[in-house]
Amino acid sequence: MVGSFRAELVKLTKRPAVWLLLGIALALGALFAYVIPYLGATTGTAGPTADRGLAAVLPASIVGNTLAGYPVFLGALLVVLGVLFVGGEYGWGAWKTVLTQGPSRGAVLAGKLSVLTLAALGFVLAIFLMGTVASLLIAAAEDASMTFPSAFDILRGIGAGWLIATMWTMFGAVLGILLRGVALAVGLGLVWMLVVQNLISELAAPLLPWVDSAQRGLPGPGAGSLVSSLGAPVGTPGVEAVLSGGPATVVVAAYLVGFVALGAVVLRRRDIL
Amino acid sequence: MEPVVCEKLTKRYGEVVAVQDLDLVVRAGEVYGFLGPNGAGKTTTLRMLLGLVRPTGGKVLLHGRPPGDLSGVGAMIEGPAFYPYLSGRDNLRVLASYAGVEARRIDVVLDLVDLAARSRHKYATYSLGMKQRLGVAAALLKDPTLLILDEPTNGLDPAGMADMRALIRRLGAAGSTVLISSHLLAEVSQICDRVGIIARGQLIEENSVAELRGAAGLRIQATPVEHAASWLRLVLGTAAVTVVDGGLDVTVDPARAGEINESLVKAGVSVSELRPRERDLEQVFLELTGGESNGR
Ligand SMILES: Nc1ncnc2c1ncn2[C@@H]1O[C@H](COP(=O)(O)OP(=O)(O)OP(=O)(O)O)[C@@H](O)[C@H]1O
Ligand SMILES: [Mg+2]
């Protein structure tokens, strides 16, 4: 178990694709959560989010502003991370190499998912650090207030981000296991994140009342409601208040547990080809 | 405790019966050759031994235990599979962590397969033969008492094949049990104590290499051949002599070659060639397996 964890940690940290994903997340996060809203507030014309103004990109709003990406776009990158990390074993045929060294399938998966959980925390902390630097730079440039939210609010925000980020990586991991590979799992994962979720909340839910109530039980709206309850600006894609904070946390956590359990059962039962 | 015991082992993939009622015992300390044409069920059997594939029926015991506990067992199944973005050494480092093996084994096995010089290069840049060697190195990490290798000489050049055979012979001599699969009887015959031949999922022959080669005898070229044949039939019995391709195949202890030569010469026959006769191993193999692959 400890050995599996160490092995997975080496595999994660030495994989260039992981760092590429993190780099893209930071660059896009900085662009869409800070640079564009800042330019919009100072120089732009009246757009749909212009009224949020400068306040949204100052240190005081850091929790909501950095969390806003998790329901869709940061979430999509985390799904890709989960798929790559688990589906790659199928793609390279490496399961047999790993398992003939002796660890049980359960131990390998436990090591893998622990490392993914840690990676999700690293991801959330990196995004938060980016937000800190960006908001301080903006505050300095605009001569605005540099006060951050309370330590409790920050920790709660990081915790919520970590929970959602972990849930999405587990979604990717279970897709990799179910589809035994990377390509189809990434494709379908992204279709779900970027297309289906949108169609459900924008198209189906307003038309059909039962879809509207059912979507409250889906992971995306759960994540959207959780970050919205912590101050993420409604209007960011995927951020919506269909649930209050408590139930939203339960929904996200339930999916996390469900994905792990499903992955473990399927991996244990199937033949390794 | 026998290292490998299969009883009535069966694996079905839908319609396809990959392995059927296979009884196989590999004894401690022997090098066992597991032979069969393409699609015969070799890899499937080895996967079941290692617990990668669940049998449809029958039983597998490794060191008397059901598969799952692989301590002391090293294996490479159907070609090497590693992480392309890691170096050969880092790949082994990762696997050593899974296996709970100390890191210093890594240098030992890299030397064993002659890969130390390139160990810091990325796996993706390795040639086919180097990948194969890394696969064998990984199988040796645990210093296994039972080593299972699925076509280990695949993709190796002649020197590499010779090295591999020497390595396997060394491991066998050191007391390890080795189970090695191959398509080529001639290849494993040089290193194996016993050979099992599988075709269409069933074990059709299990024997020592010497016995597989079959009845020994002499091959004689002589003139006039008819005269020689009738003389030898008189001396050795009608059944012992057949005329093949203008020469004689004689079933007799090859140690009697001198005596037979002398008697032929005395009978007025000139002997131009006289040598021990062995059945050609590949011929044996083709006869036993029906001469075709089971790929279908
Ligand atoms: N996952 C699978 N699904 C369906 N059929 C399979 C599967 N794996 C193997 N088979 C079938 O089982 C039979 C035995 O295959 P196996 O790989 O064990 O042969 P092999 O003896 O290793 O052949 P080769 O010498 O080509 O490696 C073949 O007919 C193959 O098509
Ligand atoms: Mg095979």
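The values are calculated or read from the model by the stated rules, or taken from the named source; none is laboratory data. Quantities reported herein were computed from a predicted structural model and do not represent experimental measurements. Neighbour counts run over all protein chains shown; Cβ positions are idealised from the backbone, glycine included. Calculation scope for accessible area: heavy atoms of the full protein, side chains included, ligands and nucleic acids excluded. Shrake-Rupley method; radii C 1.70, N 1.55, O 1.52, S 1.80 Å.
At 1.4 Å probe size, put B:LYS142, B:LYS8, A:LYS14, A:LYS112 in order of accessible surface, largest to smallest. Working shown, then result.
Details: B:LYS142 40, B:LYS8 115, A:LYS14 85, A:LYS112 0 Å².
So the residues, ranked largest to smallest area, are B:LYS8, A:LYS14, B:LYS142, A:LYS112.
Work out the mean other chain Cβ neighbour count within 10 Å for the residues of A:7-20 and drop it here as an integer. Display every interim value, and only then the final one.
Working: counts 7, 3, 2, 7, 7, 0, 0, 7, 3, 1, 1, 1, 0, 0.
Across A:7-20, the average partner-chain Cβ count within 10 Å equals 3.
Note on the stretch A:2-269: dipole from Cβ charges, positive end direction compared against A:PRO37, A:ILE177, A:VAL57; the farthest Cα belongs to A:ILE177.
Compute the relative contact order of chain A as a whole-number percentage, counting only Cα pairs closer than 8 Å that sit 6 or more residues apart in sequence. Before the final figure, lay out the partial values.
On the way: 386 pairs, mean separation 73.9, N = 273.
It rounds to 27 percent for chain A.
Relative contact order, whole percent, for the stretch B:4-212 stands at 31, derived from Cα pairs under 8 Å and 6 or more residues apart. Extents of chain B, largest first, come to 75, 45, 37 Å (Cα atoms, principal axes, whole angstrom). Semi-axis lengths, largest first, of the ellipsoid equivalent to the stretch B:66-163 are 20, 16, 12 Å, with √(5λ) applied to each eigenvalue of the Cα gyration tensor. For the options B:ALA137, B:ALA199, B:ALA239, a Gaussian network treatment of chain B with springs between C-alpha atoms closer than 10 Å singles out B:ALA239 as fluctuating the most. I'd like to verify something in chain A: which complete DSSP H helices, judged by Cα projection on the helix axis, reach 24 Å or more and average at least -0.5 on the Kyte-Doolittle scale? Passing helices, by number: A:73-91, A:105-142, A:151-179, A:245-269. So if I take the centroid of the Cα atoms in the stretch A:138-216 and the same for the stretch B:216-259, what is the distance between those two points in Å? Here the answer is 86 Å between Cα centres. Per-residue accessible area (protein heavy atoms, 1.4 Å probe) orders B:ASP150, B:ASP23, A:ASP212, A:ASP143 as A:ASP143, B:ASP23, A:ASP212, B:ASP150, starting from the largest.
To two decimal places, what compactness ratio does the stretch A:2-269 give when its Cα radius of gyration is scaled by 2.2 N^0.38 Å? If you can, show how the numbers build up before the last one.
Numbers: Rg = 19.2 Å, N = 268, 2.2 N^0.38 = 18.4 Å.
So the Cα radius of gyration is 1.04 times the expected 2.2 N^0.38 Å.
For the protein assembly as shown, the fraction of C-alpha pairs farther apart than 40 angstrom is 46 percent.
For chain A, what does the helix formula give at 222 nm: sum of -39500 (n - 2.57) over DSSP H segments with n ≥ 4, over the residue count, nearest 500 deg cm²/dmol?
Numbers: 12 runs with 182 residues, N = 273.
Value at 222 nm, helices only, nearest 500: -22000 deg cm²/dmol.
If B:ILE204, A:ILE200 are ordered by their accessible area, calculated over protein heavy atoms with a 1.4 Å probe, which sequence runs from highest to lowest? Don't skip to the end; give the middle numbers.
Working: B:ILE204 65, A:ILE200 40 Å².
Sorted by accessible area, descending: B:ILE204, A:ILE200.
Note on the stretch B:24-86: Cα-only Rg and Dmax are 13.3, 40 Å.
Looking at this model, which pairs from B:LYS122/B:LYS142; A:LYS14/B:LYS42; A:LYS14/A:LYS96; B:LYS42/B:LYS122 are more than 25 angstrom apart at the alpha-carbon? Long pairs (Cα-Cα over 25 Å): A:LYS14/B:LYS42; B:LYS42/B:LYS122. At the residue level, B:PHE82 shows approximately 10 square angstrom of accessible surface with a 1.4 angstrom probe and all protein chains present. The calculated pair-distance distribution of the stretch B:215-278 uses every alpha carbon pair, bins of 5 angstrom beginning at 0, and gives 4, 21, 35, 31, 8, 1 percent. Given the rule -39500 (n - 2.57) for each run of at least 4 DSSP H residues, summed and divided by the residues of chain B, what is its mean residue ellipticity at 222 nm, to the nearest 500 deg cm²/dmol? For chain B, the value works out to -10000 deg cm²/dmol. Note on the stretch A:2-269: with neighbouring protein chains present and a 1.4 Å probe, carbon and sulfur make up 74 percent of its accessible heavy-atom surface. The stretch B:175-195 and the stretch A:1-16 have Cα centres lying 36 Å from one another.
Could you run the numbers on buried accessible area between B and A, total for both chains, 1.4 angstrom probe, in Å² to the nearest 100? Mind showing how you got there, number by number?
On the way: alone 14310 and 12720 Å², together 24480 Å².
Summed over both sides, the interface buries about 2600 Å².
For the stretch A:124-194, taking Cα atoms only, Rg and Dmax work out to 17.6, 53 Å respectively. Spatially, the stretch B:126-169 and the stretch B:26-100 are offset by 13 Å when compared through their Cα centroids.
What chain A shows is 42 Å² of accessible area per residue, with the surface traced by a 1.4 Å probe over protein heavy atoms.
Ratio of Rg to Rh for the stretch A:191-266, alpha carbon only, Kirkwood?
Values: Rg = 12.8 Å, Rh = 12.8 Å.
That ratio is 1.00, to two decimals.
Under the simplified labelling scheme, the B:GLU282-B:SER263 pair shows an inter-label distance of 3.5 nm, with each label point 7 Å from Cα along Cα→Cβ.
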